[in-house]
Amino acid sequence: MGNKWKRLVAICMIAGISWLLVQNPYTDQYVAGLTKSSVAVTGTVKEKDSLYLEIEQSASKYEVAPQDARIDRVWKMVPGLNGLQVNVKDSYKLMKKNGVFDKKKLIFNQIPPAVHMNDLEPVPIYRAHPEKPTVSLLINVAWGNEYLQDMLAVLKKHQVKATFF
């Protein structure tokens, strides 16, 4: 019976000491300080440095809102345009080697529009989105087709779409 009492007393002492450590005002101050002045970066907690704050603050200047696909009265179907959002954590990882903000090293995530072409009624596309740089290939094969097979092979190899007439 003496052995059980010793174990019970030891368990109570450990529980009491643990409770005192957790309820300690210094522990509360330490934890509160961590939650106010730190941010999770790459799975660990690091204090925000000036570079991270600069990326966070300037991110809104470089972000672009997505634009939905729409049907225009003149141009018929106008495709949507993806938006861009700065990935602060990945940009910070890339820039922290030099420790200097560089807008060329910003990493962006694409944000899809809410309305896609498939969500609208099928209509012809006469024009691409005016803010997206695009090229359209229109190939005239009326003068002969001796080069047509080679052209088709090159277009297929590079996954390029073209219109033939």
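The values are calculated or read from the model by the stated rules, or taken from the named source; none is laboratory data. In this text, all values refer to a predicted model and were calculated from it rather than measured experimentally. Cβ sites come from the backbone with ideal geometry, for glycine too, and all protein chains shown count toward neighbours.
Things worth noting here:
- Residues (farther than 14 Å from residue 79 by Cβ, of a type outside the set (A, V, I, L, M) and surrounded by 10 or more Cβ atoms within 10 Å (Cβ to Cβ)) located in segment 119-155: 145, 147
- Scan of segment 136-165 for residues that are more than 42 Å from the chain's Cα centre (by Cα) and either on the phi > 0 side of the Ramachandran plot or assigned to a strand (DSSP E or B) (or both), ordered by number: 144
- Residues that are surrounded by 15 or more Cβ atoms within 10 Å (Cβ to Cβ), over 30 Å from residue 57 (Cα atoms) and of a type outside the set (A, V, I, L, M), drawn from segment 67-102: 70, 75, 79
- Helices (runs of 4 or more DSSP H) lying entirely in segment 1-91 (those with 2 or more residues that are at pLDDT 85 or above): 50-62
- Meets criteria (basic (Lys, Arg), free of Cβ contacts under 8 Å to residues at least 24 places away in the same chain and surrounded by 14 or more Cβ atoms within 10 Å (Cβ to Cβ)) for residue 105: yes
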